[in-house]
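Presented below is the structure to which this report refers.
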Amino acid sequence: MSVCYFEGNFRPTSECRLPVTDLGIQRGVGVFDSIRIYNHKAFAMNEHLDRLAKSAEAAGIEYGEIIAKLPGIIREGAARPDCPMNGECLAKPYITGGDVNRTGHFPDPRFFVIFEDGGPLTQEEYKSGVGLHPTSEGRPYPLIKTTNYLVGLMQCAGMGDVLECLYCPDGEITETLRSSFFLCLDGKIITAPTGRVLGGVTRNIILQLAGENGFAVEERCPLLSEIASADEAFVTSSWKEVMPVVRIGDTRIGTGKPGPVSMHLHKLFRSSMDRWLDQ
């Protein structure tokens, strides 16, 4: 069961309600973030909340004191005995537009924090890798982590054999529906630069670890035409950590199995987690 902090109290998510007048419902005005909880401790919380604040500001949401309140709320929720999955879950703070629209500015937002299971991921997926569905669409407002995922969800509706869609506007690979994307080609790890994509928190940590451990990194958009000659690919996110990608559309990546770069980076990530865990 998921738990939610809403209007000053923790309660089951099923008991929480937004009014139908909220612009998050009426117009899709809302931002959020996803913070991994490991053993009741938040991972990279400051980095996530900084990104949330920037998303809210870019969306015209006047968040006021909300961001300052969130660390205490997240720590309290993560420490609770009813924290989902025995404290191994996601904390997802949301800030909506509230009821007032002043020509694209939202001065009276609402906020809440959901503590929930991040969804099914299996050890088999890490062992065998996953598939992605390429689409020529791009993410709307890619530098803002909005609640509007409709475009991406529509691209792979009903496809049970893929993890999520892969945005490839004009043949350039930017990111996936819920993850940062990396391609390994010619001895380099290639990923789209911030400015074209949202600055993924796990992405940034993986790039830091890659640099510290001698991997060559190139920040540019990989090309869809480079997929067939790539050695391997992977995605990163708070919940997935580092997930190998072995197929994009009908094209097999490398050997069709998880490669050494993604597996090594995942081991580095897991062994370095204490550096970013909330103390």
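The values are calculated or read from the model by the stated rules, or taken from the named source; none is laboratory data. These numbers come from a predicted model, not from an experiment. For neighbour counting, all protein chains shown are included, and Cβ atoms are generated from backbone atoms with ideal geometry for every residue, glycine included.
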Just to be sure, is PRO193 farther than 26 Å from LEU52 by Cα and either crowded, with 23+ Cβ neighbours inside 10 Å or in the same structural domain as LEU150 (by TED's automatic domain parsing) (or both)?
no
Residue under evaluation GLU47, criteria (1) closer than 18 Å to TYR141 by Cβ; (2) under 15 Å from the mean Cα position of the chain (by Cα), criterion not met
(1)
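I'd like to know if the range 208-216 contains one or more residues that are in the same structural domain as THR135 (by TED's automatic domain parsing), under 28 Å from ASP117 (Cα atoms), within 13 Å of the chain's Cα centre (by Cα) and modelled with pLDDT of 95 or more. Can you show your working first?
Let us first name the residues in the range 208-216 that are in the same structural domain as THR135 (by TED's automatic domain parsing), namely 208-216.
Now drop any that are not under 28 Å from ASP117 (Cα atoms), which leaves 208-209.
Subset that is within 13 Å of the chain's Cα centre (by Cα): none.
Within the range 208-216, not a single residue is in the same structural domain as THR135 (by TED's automatic domain parsing), under 28 Å from ASP117 (Cα atoms), within 13 Å of the chain's Cα centre (by Cα) and modelled with pLDDT of 95 or more.
State yes or no: is THR176 under 15 Å from the mean Cα position of the chain (by Cα), under 30 Å from PRO12 (Cα atoms), surrounded by 20 or more Cβ atoms within 10 Å (Cβ to Cβ) and of a type in the set (Ser, Thr, Tyr)?
Working: under 15 Å from the mean Cα position of the chain (by Cα): yes; under 30 Å from PRO12 (Cα atoms): no; surrounded by 20 or more Cβ atoms within 10 Å (Cβ to Cβ): yes; of a type in the set (Ser, Thr, Tyr): yes.
For THR176, the condition - under 15 Å from the mean Cα position of the chain (by Cα), under 30 Å from PRO12 (Cα atoms), surrounded by 20 or more Cβ atoms within 10 Å (Cβ to Cβ) and of a type in the set (Ser, Thr, Tyr) - is not met.
Condition first: closer than 17 Å to SER2 by Cα and in a strand (DSSP E or B). Now tell me which residues in the range 16-40 satisfy that.
First, the residues of the range 16-40 that are closer than 17 Å to SER2 by Cα: 16-18, 32-40.
Correct list: PHE32, ILE35, ARG36, ILE37, TYR38.
Checking the condition under 23 Å from PRO120 (Cα atoms) and out of contact with any His (no Cβ under 9 Å at 6 or more places or on another chain), which residue from GLY77, GLY64, GLY72, GLY98 passes?
Just a single option satisfies the conditions, and that option is GLY77.
Just one of VAL245, VAL235, VAL217 is farther than 23 Å from GLU125 by Cβ, of a type in the set (Val, Ile, Thr) and outside any helix (DSSP H, G or I); which is it? It would help to see each step written out before you state the result.
Values: VAL245 fails: farther than 23 Å from GLU125 by Cβ; VAL235 fails: farther than 23 Å from GLU125 by Cβ.
Unique residue meeting the criteria: VAL217.
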Failed condition for GLY199, given (1) outside any strand (DSSP E or B); (2) modelled with pLDDT of 95 or more, with all others met?
(2)
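Yes/no matrix, rows are residues, columns are (1) assigned to a helix (DSSP H, G or I); (2) surrounded by 14 or more Cβ atoms within 10 Å (Cβ to Cβ); (3) in contact (Cβ under 8 Å) with a residue 60 or more places away in the chain:
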position: GLU47; (1), (2), (3): yes, yes, yes
position: SER55; (1), (2), (3): yes, yes, yes
position: LEU70; (1), (2), (3): yes, yes, no
position: GLU76; (1), (2), (3): yes, no, yes
position: PRO93; (1), (2), (3): no, yes, yes
position: GLY104; (1), (2), (3): no, no, no
position: PHE112; (1), (2), (3): no, yes, yes
Exactly one condition in (1) in contact (Cβ under 8 Å) with a residue 24 or more places away in the chain; (2) more than 18 Å from SER34 (Cβ to Cβ); (3) surrounded by 15 or more Cβ atoms within 10 Å (Cβ to Cβ) is false for GLN155; which is it?
(1)
Restricted to the range 119-137, and to residues that are free of Cβ contacts under 8 Å to residues at least 60 places away in the same chain and surrounded by fewer than 18 Cβ atoms within 10 Å (Cβ to Cβ), which residue is nearest to LYS92 (Cα to Cα)?
PRO120
